[in-house]
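K.L.:
First the structure, which I've put down as structure tokens, then a few questions once you've had a look.
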């Protein structure tokens, strides 16, 4: 997974965007790139989109992600709970 996708996930946790339309401004990225990254995150099941009226908001499905490279944990994944956690595992 590309670093900008992890950065977008982290931004969701920290900023709690209320709408997809304000993601480019919050992330200080091009709207096309943010849109492509959102589609990728939805397709792999890390983010879901909820809709209230005309407003579509991104929601994290997990709060901790584990990615293993050659058997070593780099990131960790845990289902959404009341206390969000996201970060790099060192060691």
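K.L.:
Which condition number in (1) closer than 20 Å to residue 64 by Cα; (2) outside any helix (DSSP H, G or I); (3) out of contact with any helix residue (DSSP H, G or I) (no Cβ under 6 Å at 6 or more places or on another chain) is the one that residue 13 fails?
P.N.:
Answer for residue 13: the failing condition is (2).
K.L.:
Pull up segment 37-60, narrow it to residues that are without any contact (Cβ under 8 Å) to a residue 12 or more places away in the chain and assigned to a helix (DSSP H, G or I), then point me to the one that is surrounded by the most Cβ atoms within 10 Å (Cβ to Cβ).
P.N.:
Result: 42.
K.L.:
Checking residue 5 against (1) in contact with a helix residue (DSSP H, G or I) (Cβ under 6 Å, 6 or more places away or on another chain); (2) part of a loop (DSSP other than H, G, I, E, B), which single condition isn't satisfied?
P.N.:
(2)
K.L.:
Residue 34: modelled with pLDDT of 85 or more and crowded, with 17+ Cβ neighbours inside 10 Å, yes or no? If you could, list the steps in order and put the result at the bottom.
P.N.:
On the way: modelled with pLDDT of 85 or more: yes; crowded, with 17+ Cβ neighbours inside 10 Å: yes.
So residue 34 passes the test.
The values are calculated or read from the model by the stated rules, or taken from the named source; none is laboratory data. Because the structure is a prediction, the values reported are computed rather than measured. Neighbour counts are summed over all protein chains in view; Cβ atoms, including those assigned to glycine, are modelled from backbone coordinates with ideal geometry.
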